[in-house]
1. Determine which member of the set S73, S142, S90, S128 is part of a loop (DSSP other than H, G, I, E, B), at pLDDT 65 or above and of a type in the set (G, A, S).
2. Determine if region 97-104 includes at least one residue that is at pLDDT 75 or above, loosely packed, with under 10 Cβ neighbours inside 10 Å, outside any helix (DSSP H, G or I) and acidic (D, E).
Amino acid sequence: MADRHTLEELNNCSREELITIVLMMQGQLDTLNENIERLIEQVRIANSYRFGKHEETLDSIDGQLSFFDEAESCCDLSVPEPAAEEVLPSRRNHKKKGQREMNLKDFPEEILPPIIIFVFLLLTRFFSHFHFFIEIASKSMSFPLAMNHGYTDV
């Protein structure tokens, strides 16, 4: 790089000297821009090596087992692959419409008064929430409390 010129020196220079100074500065600016572009490219390449995608391959070491290559080492490539029907489970058959009525047709029908239905629903809701507490109470007492309410797993 050239020496720095003061304002007085530049004012005393001729026109040809000023033109040569400007041309030298343009050349230096061009080389500096090229160097910056090369450095930016090198940083980009270094970042892609450091943070980019990597394919890590691990060759097996003789005498050591590898958990990752077990399927490849144990398979027999001469055996043909099974068909999809053999491997995939069959689709579950959905219930047909009217199947519930058909299943319940042999049961006797008993009409209960609405108050009994209400009490039954209320008690089943209550005891379904407090089943755990009933089990604890029946274990701590001398008689099975839960047996009175239909719980037999105590």
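1. Values: S73 fails: part of a loop (DSSP other than H, G, I, E, B); S142 fails: at pLDDT 65 or above; S128 fails: part of a loop (DSSP other than H, G, I, E, B).
Step by step, each of S73, S142, S90, S128 is checked, and only S90 is part of a loop (DSSP other than H, G, I, E, B), at pLDDT 65 or above and of a type in the set (G, A, S).
2. No.
Condition check ((1) of a type in the set (V, I, T); (2) at pLDDT below 90; (3) surrounded by 10 or more Cβ atoms within 10 Å (Cβ to Cβ)) across all residues:
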site: D3; (1), (2), (3): no, yes, no
site: E9; (1), (2), (3): no, yes, yes
site: I19; (1), (2), (3): yes, no, yes
site: I36; (1), (2), (3): yes, no, yes
site: P82; (1), (2), (3): no, yes, no
site: K95; (1), (2), (3): no, yes, no
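The values are calculated or read from the model by the stated rules, or taken from the named source; none is laboratory data. The structure presented is a predicted model; accordingly, all values stated were derived computationally and were not measured. Cβ sites come from the backbone with ideal geometry, for glycine too, and all protein chains shown count toward neighbours.
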